[in-house]
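As structure tokens, the structure follows; a few thoughts come after it.
The values are calculated or read from the model by the stated rules, or taken from the named source; none is laboratory data. Source: prediction; values computed, not measured. Backbone-built Cβ (ideal geometry, glycine too); neighbour counts: all protein chains shown. To get the accessible areas, we keep the full protein, side chains included, count just its heavy atoms, and leave off ligands, DNA and RNA. Shrake-Rupley method; radii C 1.70, N 1.55, O 1.52, S 1.80 Å.
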Amino acid sequence: MSEPSRVTAELIVECLENEGVTHVFGIPGEENIRLVDALSRSSIEYVLTRHEQGASFMAEVYGRLTGKAGVCSATLGPGAINLLLGVADATTNSTPVLALSAQVGMRRSYKESHQGVDLVSMFAPVTKWSALVATPGAVPEMVRKAFKLAQTERPGAVYLAVPEDVESADAPAGAVPLRVNVPRPDDPSATQIARAAKILRTARNPVVLAGHGAARTDASAAVRRFAETLAIPVATTFHGKGVMPDDHPLALGAVGFMRHDYVNFGFDQADVIVAAGYELQEFDPVRINPRGDTKIIHVHRFPAEVDAHYDVAVGLHADIGRCLDELAAAAVTRDHPPTSGQERIRELLTRELDNGRSDDRFPLAPARIVADTRAALGREDVVLVDTGALKMWMARLYPTYEPNTCLISNGLSTMAWTLPGAIAAKIARPEAKVLVATGDGSFLMNSQEIETALRVGTPIVILIWVDDAYGLISWKMDLEIGHNVDTGFTNPDFVAYAESFGAKGYRIGSADELLPTLREALAADTVSVIACPVDYSVNSALIESLGELDESWS
């Protein structure tokens, strides 16, 4: 009995199912209707979004939280181009994503044609691989390659363009998905372990810097064991928040603020930096090694980027957890006391957050919003922090206890990724409460996805820090040129706006209203929008106090 015929779109969906895909985020178009139809008859849930950019951010956050490539889909031309920002964000944030789009048919690809642009070339600079599926028979190999590249360290986005006539063509008889083969992490080199241990045994003030790689490869427990065994304090990047719980006595906090912050003082004293999963796009290493003379032990699955301020003394290129465990065992005879100054750093961070907790000003002080957000969320709940002035406050002060529970985009630092991303976060972690911390500038860029969240049933809370301006740019202008221009705007009535979608809307009128409002919204089984006025006049005071502390630190 002959095998029933099927079109290429159906073969693509079979390959996606074979890779364990559970959701595809996107908007259908005329040129990929067969793919969307095939998805509707599969085990995969198609999440219809209100903008392709939102779909790309959903795929990115899904990939970040699961470690499996998030999949987004669009039609050709403008639909595909709208995926580009989230795809670039995923690659710069080392997150696995597969972007699929339609493309003009092969019969008209060689000439000027309606909606025809070179999408493969457009996506190439921001992906690990960008390719055209030029023939139905290539689908199993190309899909398997796409997932392998997207999910292998260092993760990133891949892009496949499917011409409309290829999608609708019959798939070859006997074409089936290829076997998924997950590579086993490599064992660390014994020689390199010995070299790194020699450096550590003689170090007087070593510091661990835990980055995004440690968060996504589940190396948190190994980082803690390493720190405890050798009595070495741990700082994290913004992406690495939670790898070392902020209530651990060896935790220093997060580094990456635009000025010399408390955590930087730990690196000022350091003679060795053990960089576990750190990637240079997270922040410029000149911030922690300004003279370029601190010895660096680079622990990651791949070699470090070349940088004058990140001159690696020893590289351990294998599974991060295994490397740290073996290095701790080899350097356990280290007899130096913990790095000096770490208690003072922890005290300064704690004091600033405590002061914010009792600050009753209105509009609210940023530290008060951070403190109340932390009080409203559980240790394993998820907060997505958008780009803007609020990112600096949340990244510095928000205590984080588990990896990937405080999500920040610090690769491309894109605005407006959090609201769509929260939908994917709730899908990936349905047991967790999910909160979006966003500025009013970012919120309106993708606020249409409120409708998506309500339609697909993903209860989330959106906390808008309202200052009627692009606050981070205003802050930067004030610092650099002494004033700010062209950063202010007006806003709609956010409560009425939320309610027009069928969501719940709240307006904060005093400092003591925020925490109970957050708790009420998080307990509700719906989408809630909270408009919270913020007083960013304290930004300048923070910079001044850090400058004074920098001069007095000893």
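Charge dipole of the chain (Cα centre as origin; +1 on each Lys and Arg Cβ, -1 on each Asp and Glu Cβ, all else neutral): 1320 debye, rounded to the nearest 20. How tilted is helix 52-66 with respect to the longest principal axis of the chain? Cα atoms for both, answer in degrees (0 to 90, nearest 10). Helix 52-66 sits roughly 60 degrees off the main axis of the chain.
Any idea which of V234, L412, A194 is furthest toward the positive side of the dipole for the chain, if Lys and Arg beta-carbons carry +1 and Asp and Glu beta-carbons -1? Looking along the dipole axis, the top candidate is A194.
Calculation over all alpha carbon pairs of the range 1-93 in 10 angstrom steps from 0 returns a P(r) of 17, 47, 29, 5, 2 percent. For the peptides 461-467, 344-350, 148-154, the ranking by packing is 461-467, 148-154, 344-350, with the highest mean count of neighbouring Cβ atoms within 10 Å listed first. Pairs of Cα atoms in the range 377-464 fall into 5 Å distance bins, from 0 up to the last occupied one, in shares of 3, 16, 28, 26, 18, 8, 1 percent. Coordinate range of the alpha-carbon atoms in the range 404-554 per principal axis, descending: 52, 36, 34 Å.
So what is the relative contact order of the chain, in percent, for Cα pairs below 8 Å that sit 6 or more residues apart?
It rounds to 13 percent for the chain.
Estimated translational diffusion coefficient (Stokes-Einstein, Kirkwood radius over Cα pairs, 25 °C, 0.890 mPa s) of the range 58-208: 141 µm² per second. Once C-alpha pairs closer than 8 Å and six or more residues apart are averaged by separation and normalised to the residue number of the range 24-84, the relative contact order reads 44 percent.
Mind pulling the per residue volume of the convex hull built on the Cα atoms of the chain? Å³ is fine.
Expressed per residue, the convex hull around the Cα atoms of the chain is 159 Å³.
Element breakdown for the chain at a 1.4 angstrom probe: carbon and sulfur atoms account for 51% of the accessible area. Highest average first, the peptides 515-524, 80-89 ordered by how many other beta carbon atoms sit within 10 Å of their residues are 80-89, 515-524.
If you look at the Cα atoms of the range 118-271, you get an Rg and a Dmax of 22.5, 67 Å.
Straight-line cross-link partners of K391 among the lysines, defined as a Cα under 17 Å from its Cα and at least 8 positions apart when in the same chain: K241, K476. Each principal axis of the Cα atoms in the range 91-146 has its own extent, and those three values, largest first, are 36, 25, 13 angstrom. Among 307-319, 391-403, the peptide with the highest mean count of other Cβ atoms within 10 Å heads the list, and the full ranking is 391-403, 307-319. Once you keep just the Cα pairs under 8 angstrom separated by 6 or more residues, what percentage relative contact order results for the range 113-205? The value is 28 percent.
Diagonalising the gyration tensor over the Cα atoms of the range 121-205 and scaling each eigenvalue by 5 before taking the square root yields semi-axes of 43, 17, 7 Å, largest first. Specify which residue in the list T490, V383, A331 is farthest towards the positive end of the charge dipole of the chain, using unit charges on the beta carbon of Lys, Arg (+1) and Asp, Glu (-1), about the Cα centre. Projecting each Cα onto the dipole axis, the largest value belongs to A331. Using a cut-off of 19 Å between alpha-carbon atoms, which lysines can reach K148, once sequence neighbours fewer than 8 places away in the same chain are excluded? Straight-distance partners of K148: K68, K128.
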